[in-house]
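Coordinate-derived values only; no laboratory data. Note that the structure is a prediction, hence the values are computed from the model and not measured. Every residue, glycine as well, gets a Cβ built from its backbone with ideal geometry; the counts of neighbours run over all protein chains shown.
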Amino acid sequence: MEELDHLHNQIAKTLVDAGPADAKKIIARAKLALDGQSCEYEYDYVDQQDNENWFVPDKLVSYQLRLLLVTMRNYYMQNNMTNGNAPWAGCEMIVEIPAEKIIINLKYDE
């Protein structure tokens, strides 16, 4: 479980470092290919005045995030955390910056 906590922390750090300086919340949505070779992203944030907007991070951020998501999905499969079902295909990551909290909602293909 320590490895999973480390992955969550790395994901949060990657998103916070990539987000706008005035963001208090970062929301990223990812749809990861089953082979892990590609991923589609949406990046949004909420600023200090509660305005919602989107941002485009450096392309290296998307690459690093894909590697972290592939590692996290592999962890789920290797540790039998899929209940015998197909692995998750995407996720929504919400980083609440002042609270130093990350929420990851996994998405499954139907």
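So is Ala30 surrounded by 14 or more Cβ atoms within 10 Å (Cβ to Cβ), closer than 17 Å to Glu96 by Cα and of a type outside the set (Lys, Arg) or not?
Here the answer is no, as Ala30 does not meet what is asked.
Confirm whether Leu15 is out of contact with any strand residue (DSSP E or B) (no Cβ under 9 Å at 6 or more places or on another chain) and surrounded by 12 or more Cβ atoms within 10 Å (Cβ to Cβ).
In short, no.
Tell me which residues, restricted to the range 24-44, are of a type outside the set (A, V, I, L, M, F, W, C), in contact (Cβ under 8 Å) with a residue 12 or more places away in the chain and part of a loop (DSSP other than H, G, I, E, B).
The answer is Gly36, Ser38.
Filter the range 48-62 down to residues that are part of a strand (DSSP E or B) and not charged (D, E, K, R) and give me whichever is nearest to the chain's Cα centre (by Cα).
Looking at the filtered set, the residue picked out is Trp54.
Criterion first (small (Gly, Ala, Ser) and surrounded by 14 or more Cβ atoms within 10 Å (Cβ to Cβ)) does Ala23 satisfy it?
Considered against the rule, which asks whether it is small (Gly, Ala, Ser) and surrounded by 14 or more Cβ atoms within 10 Å (Cβ to Cβ), Ala23 comes out as yes.
Please go through (1) touching a residue at least 12 places away in the same chain (Cβ under 8 Å); (2) assigned to a strand (DSSP E or B) for Pro20 and return the number of the only condition it doesn't satisfy.
Result: Pro20 fails condition (2) only.
For the range 17-34, what are the residues that are touching a helix residue (DSSP H, G or I) at 6+ places or on another chain (Cβ under 6 Å) and closer than 13 Å to Trp54 by Cα?
Hits for the range 17-34 are Ala18, Ile26, Ala28.
Yes/no per residue for (1) of a type in the set (Asp, Glu); (2) without any contact (Cβ under 8 Å) to a residue 24 or more places away in the chain; (3) in contact with a Gly (Cβ under 6 Å, 6 or more places away or on another chain); (4) part of a loop (DSSP other than H, G, I, E, B):
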position	(1), (2), (3), (4)
Val46	no, yes, no, no
Gln64	no, no, no, no
Arg73	no, no, no, no
Met77	no, yes, no, no
Thr82	no, yes, no, yes
Asn85	no, yes, no, yes
Glu92	yes, no, no, no
Ile104	no, no, no, no
